[in-house]
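Dumping the structure here so I can ask a few things about it.
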Number of protein chains: 2
Amino acid sequence: MLRRLLSSLGDPPIEFQLEWSGERIAPVAVAATERVRVADRATLRGLLTDTQIRFGDAYSTGQIEIEGDLVRFIETVFQGLNRPSARETIAARVAGWLHRPRRNSLSGSRDNIHRHYDLGNDFYSLWLGETMAYTCAYYPNSAATLEQAQVAKMEHVCRKLRIAASDRVVEAGCGWGSLALHIAGRHGAKVRAFNISREQLGFARHRARALGLTHRVEFVEDDYRNIQESAEVFVSVGMLEHVGLDHYPELGRVICRSLSNEGRGLIHSIGRNRPGLLHPWIERRIFPGAYPPSLGEMMQIFEPWGLSVLDVENLRLHYARTCRHWLERYDAVSDKVLAMFSDESFVRTWRLYLAGSIAAFNTGSLQLFQVLFTKQDNNEIPLTREYMYSN
Amino acid sequence: MLRRLLSSLGDPPIEFQLEWSGERIAPVAVAATERVRVADRATLRGLLTDTQIRFGDAYSTGQIEIEGDLVRFIETVFQGLNRPSARETIAARVAGWLHRPRRNSLSGSRDNIHRHYDLGNDFYSLWLGETMAYTCAYYPNSAATLEQAQVAKMEHVCRKLRIAASDRVVEAGCGWGSLALHIAGRHGAKVRAFNISREQLGFARHRARALGLTHRVEFVEDDYRNIQESAEVFVSVGMLEHVGLDHYPELGRVICRSLSNEGRGLIHSIGRNRPGLLHPWIERRIFPGAYPPSLGEMMQIFEPWGLSVLDVENLRLHYARTCRHWLERYDAVSDKVLAMFSDESFVRTWRLYLAGSIAAFNTGSLQLFQVLFTKQDNNEIPLTREYMYSN
């Protein structure tokens with residue numbers, strides 16, 4: 001069965017080693033670059049019945065160990081899954097494992113967000129870098145550091161939105177507040193930033209005070225559905241993944257209600273080339289309720305309200321780079337993570353998540369879309385996009 | 001009833017004058033800037049029962065005359081139709097008038113294309129300008145001429161696609177050949193350009209000979225569905241409008257089959273902010289079978305095949321400008337058009353079409369999308385879009 005699994009993946013250079021028998025299974029005539037060590041029969045059985053969930057869980061507990069490069073291993077598997085033939089043979093099996101993401105009702109969202117983002121600011125501070133931006137960065141060149149690329153991302157977003165000091169900005173899902181503080185500090189605009197993670201908001205408010213920006217930035221503990229203010233700019237970076245497809249038209253309604261006639265909006269989100277659920281292990285263990293939409297699905301935010309999409313940019317390879325930088329830092333502080341949670345499987349779970357994210361963005365399993373939009377009849381839009389790039 | 005019509009449009013500054021009675025109907029307390037002169041009772045009756053078709057037809061025959069600025073008049077009407085309240089009250093009536101566009105089967109497409117594009121190269125030569133490009137131009141600045149903007153559009157497309165001399169390019173729907181000849185002449189790439197308009201192809205082949213480019217450009221009289229070649233670049237500018245929604249996945253299959261693994265593709269098409277049929281008068285009298293998709297609908301080309309959208313640019317205001325330039329030239333040569341067809345109503349039909357197009361793009365009733373894409377696993381993509389803008 002392992003042989004058949006390997007064959008369905010196009011016989012990649014991967015070898016399985018069964019620890020209890022010493023047996024090795026690998027495609028014929030391929031020198032394996034990565035080896036999967038399986039600790040016991042129960043793990044193997046699990047792997048063959050529910051690969052996607054069990055692989056991750058067994059990696060977390062250490063019953064599966066990868067020798068070689070973890071990211072390259074996952075990339076190899078994803079490339080195998082992307083093959084048209086694998087699509088057909090595996091699709092039916094995968095369909096059985098798929099389950100709907102957790103609900104994102106007002107209270108459901110609170111639970112889902114709490115489970116991920118309230119793990120502790122100290123934990124995220126260890127590896128996100130000083131911006132504490134937990135979304136795809138923007139690398140103006142391949143030499144940029146994580147910090148430079150995160151600031152460049154904020155500037156890229158501000159440029160696209162043409163933020164002026166006189167603008168009122170609404171931010172939906174503000175994380176630890178880096179973009180809101182950047183907009184207020186660098187561009188002088190007034191920002192109302194919404195979030196339902198209490199841990200993040202505490203941190204963000206502390207930063208606003210430290211930076212002397214409390215007169216321009218207000219961090220609001222509330223759901224995006226309750227946004228009522230009028231604004232010239234609506235921005236949301238890395239929240240849509242948690243909104244859930246059912247709620248897209250509602251998000252569009254909130255945007256329409258908020259945005260002035262010449263207002264501009266930007267949504268930045270993980271996405272997909274075609275509709276498909278998030279990897280079930282990631283949805284279960286990392287991001288409950290999350291769903292990365294295809295671009296067509298994202299249009300369900302805009303089309304019911306006739307919002308006009310001006311510009312879409314796919315930053316997939318930037319997210320692979322960002323996750324690579326996160327993983328490097330994470331691996332460098334994994335002893336501190338272990339000390340913090342006293343749980344080796346937690347350390348391994350998060351390593352797998354970060355490595356898997358690099359692989360997903362590198363192989364095109366995931367995309368990153370920035371969508372710039374305005375109201376239908378707003379003609380106050382620049383003729384070309386050069387304004388985003390000129391200095 | 002006219003008063004109710006005006007009221008449903010938000011009481012715009014428009015006055016109706018009924019020629020047989022001298023009666024004038026206008027919104028109260030608004031000084032009308034445009035006047036609609038209706039020649040007889042039958043025209044008025046038609047206008048009130050099937051506004052969208054009858055207005056255009058009566059304008060063509062001269063039974064309706066617009067005093068004032070024709071473009072501004074249509075913009076005023078479109079703005080009225082865009083109002084949320086008009087949407088609700090008028091939507092139901094409009095729904096009844098809507099009809100499906102003509103079919104775009106292989107033979108249906110030939111008929112549809114023949115009816116518009118085979119009106120005569122001499123006719124189009126009168127007002128399209130020397131590039132004979134009959135698609136949205138790209139104005140690097142607002143002072144650019146039509147010719148400069150058409151060449152800039154071709155360069156903009158070539159830049160996005162990063163066309164190199166070693167590339168094989170397939171073009172689906174090549175019009176009079178301007179882009180194919182630009183790609184071969186300016187960039188040295190080999191182009192196979194498909195079209196089913198015989199008139200256009202004759203013109204394009206003549207140009208290729210005159211420019212000494214027959215070794216690099218081949219103009220093929222065939223349907224896009226029969227494209228079989230392998231190419232590094234797939235480009236289609238202004239054809240999708242004629243493909244028909246039902247055939248989008250088929251177009252995607254043709255693209256997938258043609259494109260090499262590191263290939264790039266671009267589709268340039270009129271579109272909409274939300275799904276909706278083309279204005280029925282335009283579909284009936286000007287573009288049989290045409291349909292401008294929403295961006296979500298366009299994704300039906302890409303998503304079934306996992307093609308990865310890299311970039312979307314909305315050039316709506318560029319198309320308003322382009323149509324304005326066309327209308328100016330058209331009006332300047334309308335005596336020649338009359339001499340050519342000996343048909344005043346033809347002259348008026350095309351004036352209304354061009355004026356209506358300016359209005360549609362200016363009011364956001366129509367959009368213009370350029371979508372750049374590649375295959376899912378192609379990582380040979382530039383990190384940023386600066387390459388599109390640097391000199």
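The values are calculated or read from the model by the stated rules, or taken from the named source; none is laboratory data. If you're wondering where the values come from, they're calculated on a predicted model, not measured in any experiment. So basically every Cβ, Gly included, is an ideal-geometry build from the backbone, and we count neighbours across all protein chains shown.
Residue by residue, here is whether (1) among the small types (Gly, Ala, Ser); (2) within 12 Å of chain B (Cβ to nearest Cβ); (3) more than 15 Å from the chain's Cα centre (by Cα) holds:
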residue	(1), (2), (3)
A:PRO249	no, yes, yes
A:LEU259	no, no, yes
A:GLU262	no, no, yes
A:GLY271	yes, yes, no
A:PRO275	no, yes, yes
A:ARG285	no, no, no
A:GLU297	no, yes, yes
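Here's something else I'd like to know. Quick one: which of A:GLU199, A:GLU283, A:GLU241, A:GLU262 is over 30 Å from A:ILE358 (Cβ atoms), in the same structural domain as A:ASN314 (by TED's automatic domain parsing), touching a residue at least 24 places away in the same chain (Cβ under 8 Å) and not small (Gly, Ala, Ser)?
Going through A:GLU199, A:GLU283, A:GLU241, A:GLU262 in turn, just one is over 30 Å from A:ILE358 (Cβ atoms), in the same structural domain as A:ASN314 (by TED's automatic domain parsing), touching a residue at least 24 places away in the same chain (Cβ under 8 Å) and not small (Gly, Ala, Ser): A:GLU262.
B:GLU313 versus (1) within 14 Å of chain A (Cβ to nearest Cβ); (2) in a helix (DSSP H, G or I): which is the lone unmet condition?
For B:GLU313, the exception is condition (2).
Please go through segment A:3-38 and pick out each residue that is of a type in the set (A, V, I, L, M, F, W, C) and more than 31 Å from the chain's Cα centre (by Cα). Break it down stepwise before answering.
Let us first name the residues in segment A:3-38 that are of a type in the set (A, V, I, L, M, F, W, C), namely A:5-6, A:9, A:14, A:16, A:18, A:20, A:25-26, A:28-32, A:36, A:38.
Those that are of a type in the set (A, V, I, L, M, F, W, C) and more than 31 Å from the chain's Cα centre (by Cα): A:LEU18, A:TRP20, A:ILE25, A:ALA26, A:VAL28, A:ALA29, A:VAL30, A:ALA31.
Look through B:LEU245, B:LEU240, B:LEU259, B:LEU211 and report the one residue that is over 20 Å from B:PHE373 (Cβ atoms) and of a type outside the set (Val, Ile, Thr).
B:LEU211
Quickly run through segment B:201-233 and pick out the residues that are assigned to a helix (DSSP H, G or I) and closer than 19 Å to B:LEU259 by Cβ.
Within segment B:201-233, the subset assigned to a helix (DSSP H, G or I) is B:201-210, B:224-226.
B:TYR224, B:ARG225, B:ASN226 - these are the residues of segment B:201-233 that are assigned to a helix (DSSP H, G or I) and closer than 19 Å to B:LEU259 by Cβ.
Something else now. Suppose the filter is free of Cβ contacts under 8 Å to residues at least 40 places away in the same chain, surrounded by 18 or more Cβ atoms within 10 Å (Cβ to Cβ) and under 16 Å from the mean Cα position of the chain (by Cα); does A:LEU354 pass it?
Answer is yes for this residue.
Here's a check for you: in segment B:54-70, which residue that is buried (at least 20 other Cβ atoms within 10 Å of the Cβ) and of a type in the set (A, V, I, L, M) is nearest to B:ASP343 (Cα to Cα)?
Taking the candidates together, the pick is B:ALA58.
Checking the conditions here, which among B:SER166, B:SER125, B:SER107 is away from chain A (no Cβ under 14 Å), surrounded by fewer than 23 Cβ atoms within 10 Å (Cβ to Cβ), under 23 Å from B:TYR387 (Cβ atoms) and among the hydroxyl-bearing types (Ser, Thr, Tyr)?
Values: B:SER125 fails: under 23 Å from B:TYR387 (Cβ atoms); B:SER107 fails: under 23 Å from B:TYR387 (Cβ atoms).
Only one candidate qualifies: B:SER166.
So, one more: Please count how many residues of segment B:2-53 are farther than 20 Å from B:GLN79 by Cα, touching a residue at least 24 places away in the same chain (Cβ under 8 Å) and part of a loop (DSSP other than H, G, I, E, B).
Total satisfying the criteria: 1.
Based on this model, can you work out whether A:ARG274 counts as free of Cβ contacts under 8 Å to residues at least 40 places away in the same chain and assigned by TED's automatic domain parsing to the domain that holds A:LEU119?
Yes: the conditions hold for A:ARG274.
May I pose another question? Looking at (1) within 13 Å of chain A (Cβ to nearest Cβ); (2) crowded, with 23+ Cβ neighbours inside 10 Å; (3) more than 22 Å from B:ASN226 (Cβ to Cβ), which is the one condition that is false for B:PRO292?
(1)
While we're on this one: Would you confirm, using the coordinates I've provided, whether A:CYS136 is crowded, with 18+ Cβ neighbours inside 10 Å, within 14 Å of chain B (Cβ to nearest Cβ) and in contact (Cβ under 8 Å) with a residue 40 or more places away in the chain?
Taking the combined requirement at face value, the residue satisfies it.
Just for helices (runs of 4 or more DSSP H) wholly inside segment A:100-169: which have at least 2 residues that are closer than 17 Å to A:GLY185 by Cβ and β-branched (Val, Ile, Thr)?
A:146-161
Of all the residues that make up segment A:57-84, how many are away from every other protein chain (no Cβ under 12 Å) and closer than 16 Å to A:LEU366 by Cβ?
Qualifying residue count for the region: 3.
Being assigned by TED's automatic domain parsing to the domain that holds A:LEU366 and at pLDDT below 90 narrows it down to one residue among A:ASN112, A:ASN82; which is it?
A:ASN112
Return the residues of segment A:170-196 that are under 21 Å from A:HIS242 (Cβ atoms) and in a loop (DSSP other than H, G, I, E, B); say none if nothing qualifies.
Answer for segment A:170-196, where residues must be under 21 Å from A:HIS242 (Cβ atoms) and in a loop (DSSP other than H, G, I, E, B): A:GLY173, A:CYS174, A:GLY175, A:TRP176, A:GLY177, A:ILE196.
So, one more: Please count how many residues of segment A:318-347 are among the hydrophobic types (A, V, I, L, M, F, W, C), in a helix (DSSP H, G or I) and closer than 20 Å to A:VAL71 by Cβ.
Of the residues in segment A:318-347, 8 are among the hydrophobic types (A, V, I, L, M, F, W, C), in a helix (DSSP H, G or I) and closer than 20 Å to A:VAL71 by Cβ.
Here is a follow-up. Would you check which residues across segment A:348-391 are farther than 30 Å from A:ILE282 by Cα, facing chain B (nearest Cβ under 9 Å) and in a loop (DSSP other than H, G, I, E, B) and list them?
A:LYS375, A:GLN376, A:ASP377, A:ASN378, A:ASN379, A:ILE381, A:LEU383, A:THR384, A:ARG385, A:TYR389, A:SER390
Which is in contact with a Phe, Trp or Tyr (Cβ under 9 Å, 6 or more places away or on another chain), buried (at least 21 other Cβ atoms within 10 Å of the Cβ) and in a helix (DSSP H, G or I), of B:ILE301, B:ILE270?
B:ILE301
Being within 14 Å of chain B (Cβ to nearest Cβ) and either buried (at least 22 other Cβ atoms within 10 Å of the Cβ) or touching a helix residue (DSSP H, G or I) at 6+ places or on another chain (Cβ under 6 Å) (or both) is the filter here; which residues of segment A:316-347 pass it?
A:ARG316, A:HIS318, A:TYR319, A:ALA320, A:ARG321, A:THR322, A:ARG324
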